[in-house]
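Comments concern the structure below.
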Amino acid sequence: PGLLEPMSTLVRVPKSANTLGIAIEGGANTRQPLPRIVTIQRGGSAHNCGQLKVGQVILEVNGISLRGREHREAACLIAEAFKTKEKEYIDFLITEFN
Amino acid sequence: REKRLTLPPSEITLL
């Protein structure tokens, strides 16, 4: 269903640095129901990738929907996706619209 | 709408 989201984009972020380098806010049961990128740190994998921007909302991580997940659970999923050695990248499904 | 306004702000996590 994620790919049917209007105006969503798949962004593949290679693990090119020791950190992912994004800050997120939001999650289920908050004013921002899906995690939104609030910071991108220079020199992190996300910054190096060049395709993620502040304000974008993350719909899915490696095909896993973040809908209905509370902030900590969403943050854990992203952290695990970065930590796992199974993949050299993380796929984010993002949208510009809140 | 009104219901949304009652929801708390989220914490921020650096990843």
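Each value in this text was obtained by applying a stated rule to the coordinates, not by laboratory testing. Owing to the predicted nature of the structure, the values given are computational and were not obtained by experimental measurement. Note: ideal-geometry Cβ built from the backbone for every residue, glycine included; neighbour counts use all protein chains shown.
Let me know the volume per residue of the alpha-carbon convex hull for the protein assembly as shown, in Å³. List each step's numbers first, then the result.
Details: hull volume 10.5 nm³, N = 113.
Residue-normalised Cα hull volume stands at 93 Å³.
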When the Karplus curve 6.51 cos²θ - 1.76 cosθ + 1.60 is applied with θ = phi - 60°, which whole-Hz ³J(HN,Hα) does each residue of the stretch A:46-54 get, with x for Gly and Pro?
5, 5, 4, 5, x, 10, 8, 9, 4
Listed by chain and number, the residues whose amide H is under 5 Å from that of A:ALA28, excluding neighbours fewer than 5 places away on the same chain and using placed H, are A:GLY68, A:ARG69, A:GLU70, A:HIS71
Loop-located trypsin sites (Lys or Arg not before Pro) in the stretch A:8-75 whose Cβ has at most 15 other Cβ within 10 Å (DSSP)
A:ARG31, A:ARG42, A:LYS53, A:ARG67
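With a cap of 15 neighbouring Cβ atoms within 10 Å, and only residues DSSP puts in a loop, list the chymotrypsin sites (Phe, Trp or Tyr not before Pro) found in the stretch A:8-98. Walk me through the intermediate numbers first.
Numbers: sites: A:PHE82, A:TYR89, A:PHE92, A:PHE97; in loops: A:PHE97.
Passing both the DSSP loop test and the Cβ count: A:PHE97.
Just how large is the dipole of chain A about the Cα centre, in debye to the nearest 20, putting +1 at every Lys and Arg Cβ and -1 at every Asp and Glu Cβ?
220
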C-alpha long axis of helix A:71-83 to longest principal axis of chain A, angle in °
30
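Take A:HIS47, A:HIS71 and order them by how many other Cβ atoms sit within 10 Å, fewest up front.
Details: A:HIS47 18, A:HIS71 21.
Arranged by neighbour count, lowest to highest, A:HIS47, A:HIS71 become A:HIS47, A:HIS71.
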Other-chain or far-sequence residues with amide H under 5 Å of A:THR39's (modelled H):
A:ALA23
The stretch A:12-39 to the stretch A:59-98: how many Å between their Cα centroids?
8
